[in-house]
Amino acid sequence: RKIKVEKAAELMCVFPSVVKAFEMEIIPAERIVAQIGDTLILTCNTTGCASPSFSWRTQMDSPLGGKVNNHRTYSTLTMNSVGIVNSHSYLCTVICERGKREKSVKVELYSFPSDPVIEISPSLVAGEPAPVICRIPDVYPSHHLEVLLKKDEHVLHEEYFFDDDSTNTETKIVTYTFHPMAEDAGKEITCVARLPIADMDFEPKERTSSQKLNVNFGPQNTVITASPGDSPMEGDSLNLTCVTQSNPPAQIVWSKYLAEESIQHLIKNNVLFIPRVHFNDSGRYICEVINLATNKTEEATVDILIQGAPVITKLTIEPSTTVQEGENVSIQCSAESNPPPKIILKKKSDSADIGTSSARSILLPSVMFQNGGDYECVAENKYGNSKSEITLNVKYGPKNTMITVFPAAVKEGETVTMKCTSSGNPAPVISWKKKKATGESEKISKNATITIQNLKSQDLGLYECEAYNHFGKEEKAVELYVQGLLEGPDQMIPLIIAFSSVAAVAVPAVAILIYVSRQAKINGSYSLVKALRLKV
């Protein structure tokens, strides 16, 4: 062991120990940039000193604003939330048995902690003023702050804070009012905040925030398209589509103008579909669009004209199809079509038209039974024609009641036939009566024709025919009486004739009488039957 110690001593003599120089440093050195609110640690290191003594102070002997921790060869000053009070030059002093050393570091502060905050109404209205607010939180030093407001790439507003002398962090507010347009919907408003401090090295020096614009606008540029067109043929389908520009999407209500400026509401949809159009679908259609957000409405209209062959819409008889003779009667026919129809109204049994019109009544004042019958309405245009019929039934009392007697002159014992005819609607009921010697009338038949066989003297007298219905009655009479005597071989035979109240019957009867009487004087006797046969 002794040898080993001596050898070690010899080596120490050969290689003397190296003593390090007393030095110190501060990390970071000379200058540090820190953001307010961050944690900052300053470290003071020494070399060449076995037992250093450390101390910290500010240049202006202000409070340190941090916590010192000394270790064997280094010391730290920790500032957990650096603030304006820490904006100093910090001096670290190290004392050692070999001497004293000092070094300083300057702490420079800034604050740019977060992106701007944009405030814009979530529902802007096109054309109306809209304020945009951009808040830049906790800025320091604010006199370097630059703020730009952009709409997409277009700069709306710039603001600089050169004259700001704030000594602490502040939230800076930039307000700008613009008038959004419909085309701005979907574009972005961007707030760009910059803190360009040239001799301070930190990132980021620019912060941005954007917000998409929701611009309520419209309705505007409302149009209606008609498919297949605004003049479809009757029976075709029709699509009316209403298109508008609106945000939010507008409510759409379809309606149609009616007569007297009234409006018929149809559906709430952008498409109005009519599977089969008719002439009454012609008219003006209105598309009304309503934006509840902008409280605005807009209308578009389209005139639809249905084309096609005529359709008879009305064929009537007023006051009724069944009337009493003497009433005023109006026959009315109307039709619709495009182009307008030619309307012809006539009685089917007549060759001439009663009238030609587009839609008006044909008046038959004090209607007569001859006016009864079937009436036809014909409507025509270049696309075709349409026909319709209606019957006028004229009720009237018995007319033209007549009695015919065959033969007109007979001999006693022969047969005579009397027939009563009358016109009326409804058909009259005919009955026969015979006057008695007392003057009273006795009903003898309900048939239109009566036949008297084996004519006797008691059959002579006045016979009355009565024609009756609900609208009246009419009477005619005929008288059977002896006009003269015919000289027979053994006796005189009474000549009986019928004398009617109808002149047409009376005149021939008298003519026969004169003729027979002349022949009797000439011949002494004459056969009435033969004479009548000769005359007939």
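The values are calculated or read from the model by the stated rules, or taken from the named source; none is laboratory data. Just so it is clear, the structure is predicted and the values come from calculations on it, not from any experiment. In this analysis, Cβ positions are derived from the backbone assuming ideal geometry, glycine residues included, and neighbour counts consider all displayed protein chains. Ligands, DNA and RNA are excluded from the accessible area calculation, which covers all protein heavy atoms including side chains. Shrake-Rupley method; radii C 1.70, N 1.55, O 1.52, S 1.80 Å.
Worth pointing out:
- From the list Asn270, Asn328, Asn338, Asn295, the one residue that fits, being without any contact (Cβ under 8 Å) to a residue 40 or more places away in the chain and surrounded by 17 or more Cβ atoms within 10 Å (Cβ to Cβ), is Asn270.
- Spans of strands (runs of 3 or more DSSP E) in region 407-491 with at least 2 residues more than 30 Å from Gly373 (Cβ to Cβ) and free of Cβ contacts under 8 Å to residues at least 24 places away in the same chain: 441-445, 472-487
Residue-by-condition table, conditions (1) surrounded by 14 or more Cβ atoms within 10 Å (Cβ to Cβ); (2) without any contact (Cβ under 8 Å) to a residue 60 or more places away in the chain; (3) not assigned by the TED database to the domain that holds Ala198:
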site	(1), (2), (3)
Asn69	no, yes, yes
Tyr74	yes, yes, yes
Val82	yes, yes, yes
Val94	yes, no, yes
Lys100	no, yes, yes
Val105	yes, no, yes
Val125	yes, no, no
Glu128	no, yes, no
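- Which numbered condition Asn216 fails, given (1) modelled with pLDDT of 95 or more; (2) open to solvent by less than 30 Å² (accessible area, probe 1.4 Å): (1)
- Looking only at residues of region 169-209 that are of a type in the set (S, T, N, Q) and more than 14 Å from Phe112 (Cβ to Cβ), we find that the one that is surrounded by the fewest Cβ atoms within 10 Å (Cβ to Cβ) is Thr177.
- Residue in region 387-395 that is more than 30 Å from Ala309 (Cα to Cα), open to solvent by 20 Å² or more (accessible area, probe 1.4 Å) and not in a loop (DSSP other than H, G, I, E, B) present: yes
- Applying the condition of being in contact with a strand residue (DSSP E or B) (Cβ under 7 Å, 6 or more places away or on another chain) and basic (Lys, Arg) to region 425-456 and asking which residue is modelled with the lowest pLDDT yields Lys436.
- Pairs linking a residue in region 170-190 that is under 19 Å from Thr294 (Cα atoms) to a residue that is of a type in the set (S, T, N, Q) and open to solvent by 70 Å² or more (accessible area, probe 1.4 Å), with Cβ atoms under 8 Å and 6 or more positions apart or on different chains, are Ala182/Gln245.
- Residue list for region 408-428, restricted to those being surrounded by 16 or more Cβ atoms within 10 Å (Cβ to Cβ) and either among the polar types (S, T, N, Q) or within 15 Å of Ile450 (Cβ to Cβ) (or both): Val410, Val416, Met418, Lys419, Cys420, Thr421, Ser422, Ser423, Asn425
- Any chance Ala520 is assigned by the TED database to the domain that holds Ile403 and either at pLDDT 65 or above or more than 16 Å from Pro407 (Cα to Cα) (or both): no
- Any pair with Cβ under 8 angstrom, 6 or more apart, that starts in region 195-222 at a residue that is free of Cβ contacts under 8 Å to residues at least 24 places away in the same chain and ends at one that is open to solvent by 50 Å² or more (accessible area, probe 1.4 Å) and not in a loop (DSSP other than H, G, I, E, B): Glu206/Arg194
- Among the residues making up region 298-338, a single one is of a type in the set (Gly, Ala, Ser), over 27 Å from Glu380 (Cα atoms) and not assigned by the TED database to the domain that holds Ser231: Gly326.
- Every test in (1) within 30 Å of Ser431 (Cα to Cα); (2) among the aliphatic types (A, V, I, L, M); (3) modelled with pLDDT under 90; (4) open to solvent by 50 Å² or more (accessible area, probe 1.4 Å) is passed by Leu363 save one, and that test is (1).
- Applying a threshold of 8 Å to beta carbon distances and a minimum spacing of six or more residues, or different chains, the list of pairs starting in region 54-66 at a residue that is farther than 10 Å from Cys92 by Cα and ending at one that is at pLDDT 90 or above and loosely packed, with under 12 Cβ neighbours inside 10 Å is empty.
- So Asp152, is it free of Cβ contacts under 8 Å to residues at least 24 places away in the same chain and surrounded by fewer than 17 Cβ atoms within 10 Å (Cβ to Cβ): no
- Selection within region 34-59: residues that are among the hydrophobic types (A, V, I, L, M, F, W, C) and open to solvent by less than 60 Å² (accessible area, probe 1.4 Å). The member of this set that is farthest from Lys205 (Cα to Cα) is Cys49.
- Number of the exception - Arg31 against (1) open to solvent by less than 90 Å² (accessible area, probe 1.4 Å); (2) at pLDDT 50 or above: (1)
Condition check ((1) more than 18 Å from the chain's Cα centre (by Cα); (2) of a type in the set (Asp, Glu); (3) within 26 Å of Val394 (Cβ to Cβ); (4) open to solvent by less than 30 Å² (accessible area, probe 1.4 Å)) across all residues:
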{"residue": "Ser255", "(1), (2), (3), (4)": "no, no, no, yes"}
{"residue": "Leu266", "(1), (2), (3), (4)": "no, no, no, no"}
{"residue": "Thr321", "(1), (2), (3), (4)": "yes, no, yes, no"}
{"residue": "Ser334", "(1), (2), (3), (4)": "yes, no, yes, yes"}
